[in-house]
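Data block below; observations after.
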Amino acid sequence: MSKRIVSVDDLALHGAPAAFDEVLHVGRPNVGDREKFLRLAGEMFDRRWLSNNGPLLQEFEQRIGDYLGVKHCIAMCNGTIALEIAIRALGLTGEVVVPSYTFVATAHALHWQGITPVFADIDPDTHNLDPDAVRRMITSRTTGIIGVHLWGRPAPVAELQSIADEHGLQLMFDAAHAFGCSHGGRMIGNFGRAEVLSFHATKFFNTFEGGAVVTNDDDLADTMRLMRNFGFAGFDNVIHPGTNGKMVEVCAAMGLTNLDYMDTVIKANQRNHLAYKAAFAEVAGVRLLEFDPKQSNNFQYVVLEVMEGGVERRDAILAALHAENVLARKYFWPGCHRMKPYRDLFPNAGVLLEHTQAVSDRVIVLPSGTTLPDDAPDVIAGVIRHLH
């Protein structure tokens, strides 16, 4: 339940109760038909098949592959393990070019395996990798590029593929934000050697916790299936190094439940985005990031850029929103290169990351999802409008 803010004196910062009785979160989990989930979970218990490539997992992988139009879906216990397995399956070593403006897991998945993440700058308009910046960061030690489809908006796929082909590099994508999104009429999941999805609870589509690698490469898919299960090919027959990256049946049950609910969530996100767009149309000094109407999008992320007043105004807006029980976030501040261990390993990286630093200092991500109150966009815009 929300309470309308009609003047600056109504703000919680001025001693009044918060605008929202409950905290509005970025990434609050969306939950589909509970009865269907409980039925699937009950069947799982009746079979006593809780993990190890059970029938729910197999159905889940098939449905994801069919939805994306991709040959192989290899479901994993989470998106980070999926990144690590894809990186290892591709044989990446030495240096790999990545954006710094991404969730830190993108860089950690490389560093964890002794690979150096080399941070390239972004296009300030799209927030995705700038191909010219990628070119500048390639050295004799570079073996690959990981593009990120940030906010569900596609990275410059063709340009990155051209660079990879020119230099003999592997290209993969972190598509954690981009399930249900398309590029050039093709669903994301079909680009590069492989793309990695996240089904974490905070994503618009979740399996409680989980992820997947999707690919059209048969050999790569076979290798990753071995790697996620300790390298086993049948009973007592280990033929490849591996780890435990398996998705369990209860997570697949949640995934199957939420697949049937996904269109409802996307429509709610789109309504919220349009409402935010209307609410912020008359708010000076801010810009709402748009999506390409010709492409599919999940509309999960409502990204507001504070274009005037610098980081001080951005942080003042965050403080005001938090006081009103709106837990907006400053993703992906301050950039991976300014986090440990990378700020110690590469103390001068920021010299080549001008746009990354500028964008990270002005972005606010606002709550959305199926539980967002109808009047929330107007109330949130009102908080910002009344700040001086």
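The values are calculated or read from the model by the stated rules, or taken from the named source; none is laboratory data. If you're wondering where the values come from, they're calculated on a predicted model, not measured in any experiment. All Cβ positions, glycine included, derive from the backbone under ideal geometry; neighbour counts span all protein chains shown.
The set of residues in the range 334-361 being in contact with a strand residue (DSSP E or B) (Cβ under 9 Å, 6 or more places away or on another chain) and over 14 Å from Ile122 (Cα atoms) consists of Tyr342, Leu345, Phe346.
With respect to being touching a strand residue (DSSP E or B) at 6+ places or on another chain (Cβ under 9 Å), among the charged types (D, E, K, R), farther than 27 Å from Pro334 by Cα and in the same structural domain as Gly91 (by TED's automatic domain parsing), Asp165 fits the description.
All conditions in (1) more than 21 Å from Thr116 (Cα to Cα); (2) of a type outside the set (Lys, Arg); (3) not in a helix (DSSP H, G or I) hold for Val359, with the sole exception of (3). Checking every residue in the range 351-367 against the condition of being out of contact with any helix residue (DSSP H, G or I) (no Cβ under 6 Å at 6 or more places or on another chain) and among the basic types (Lys, Arg) gives zero matches. Anything in the range 217-259 that is touching a residue at least 60 places away in the same chain (Cβ under 8 Å) and surrounded by fewer than 16 Cβ atoms within 10 Å (Cβ to Cβ)? List them, or say none. Of everything in the range 217-259, those that are touching a residue at least 60 places away in the same chain (Cβ under 8 Å) and surrounded by fewer than 16 Cβ atoms within 10 Å (Cβ to Cβ) turn out to be Asp218, Thr243, Asn244.
Of all residues in the range 101-126, those satisfying the criterion of being part of a loop (DSSP other than H, G, I, E, B) and farther than 20 Å from Val351 by Cβ are Phe103, Val104, Trp112, Gln113, Gly114, Ile115, Asp125, Thr126. Is there a residue being surrounded by fewer than 17 Cβ atoms within 10 Å (Cβ to Cβ), at pLDDT 95 or above and not assigned by TED's automatic domain parsing to the domain that holds Trp333 anywhere in the range 74-87? Looking through the range 74-87, none of the residues is surrounded by fewer than 17 Cβ atoms within 10 Å (Cβ to Cβ), at pLDDT 95 or above and not assigned by TED's automatic domain parsing to the domain that holds Trp333.
Within the range 308-339, being surrounded by 17 or more Cβ atoms within 10 Å (Cβ to Cβ) and small (Gly, Ala, Ser) holds for Ala320, Ala328, Gly335. The set of residues in the range 344-380 that are more than 20 Å from the chain's Cα centre (by Cα) and among the charged types (D, E, K, R) comprises Asp344, Glu354, Asp374, Asp375, Asp378. Here the range 131-175 is the region considered, the condition is being among the basic types (Lys, Arg) and outside any helix (DSSP H, G or I), and the residue that is nearest to Gly114 (Cα to Cα) is Arg141. Going through (1) under 15 Å from Gly382 (Cβ atoms); (2) surrounded by fewer than 20 Cβ atoms within 10 Å (Cβ to Cβ) one by one, Leu304 falls short only on (2).
Restricting attention to the range 111-128, the residues being in contact with a helix residue (DSSP H, G or I) (Cβ under 7 Å, 6 or more places away or on another chain) and at positive phi number 1. A count restricted to the range 198-227 and to residues that are of a type outside the set (A, V, I, L, M, F, W, C) and in a loop (DSSP other than H, G, I, E, B) stands at 9.
The set of residues in the range 81-100 being assigned to a helix (DSSP H, G or I) and either in contact with a Leu (Cβ under 8 Å, 6 or more places away or on another chain) or more than 22 Å from Phe332 (Cα to Cα) (or both) consists of Ala82, Ile85, Ala86, Ile87, Arg88, Ala89.
For the range 121-131, the criterion of being within 16 Å of Gly210 (Cα to Cα) and not β-branched (Val, Ile, Thr) is met by none of the residues. Glu324 meets all of the listed conditions (1) within 19 Å of the chain's Cα centre (by Cα); (2) outside the structural domain of Cys77 (by TED's automatic domain parsing); (3) at pLDDT 95 or above but one, namely (1). So how many residues does the range 265-284 have that are touching a residue at least 24 places away in the same chain (Cβ under 8 Å) and surrounded by 14 or more Cβ atoms within 10 Å (Cβ to Cβ)? Adding up the residues that qualify gives 12. Among the residues of the range 128-142, which ones are closer than 17 Å to Val351 by Cβ and β-branched (Val, Ile, Thr)? The answer is Val134, Thr139. Scanning the range 358-377 for residues that are crowded, with 20+ Cβ neighbours inside 10 Å and without any contact (Cβ under 8 Å) to a residue 60 or more places away in the chain yields a single hit, Arg362. Residue pairs whose Cβ atoms lie under 8 Å apart, sitting 6 or more positions apart in sequence or on different chains, and linking a residue in the range 135-148 that is touching a residue at least 24 places away in the same chain (Cβ under 8 Å) and farther than 22 Å from Phe103 by Cβ to a partner that is part of a strand (DSSP E or B) and hydroxyl-bearing (Ser, Thr, Tyr), are Arg141/Thr116. Restricted to the range 91-104, and to residues there that are surrounded by fewer than 23 Cβ atoms within 10 Å (Cβ to Cβ) and among the aliphatic types (A, V, I, L, M), the residue that is nearest to Met262 (Cα to Cα) is Val104.
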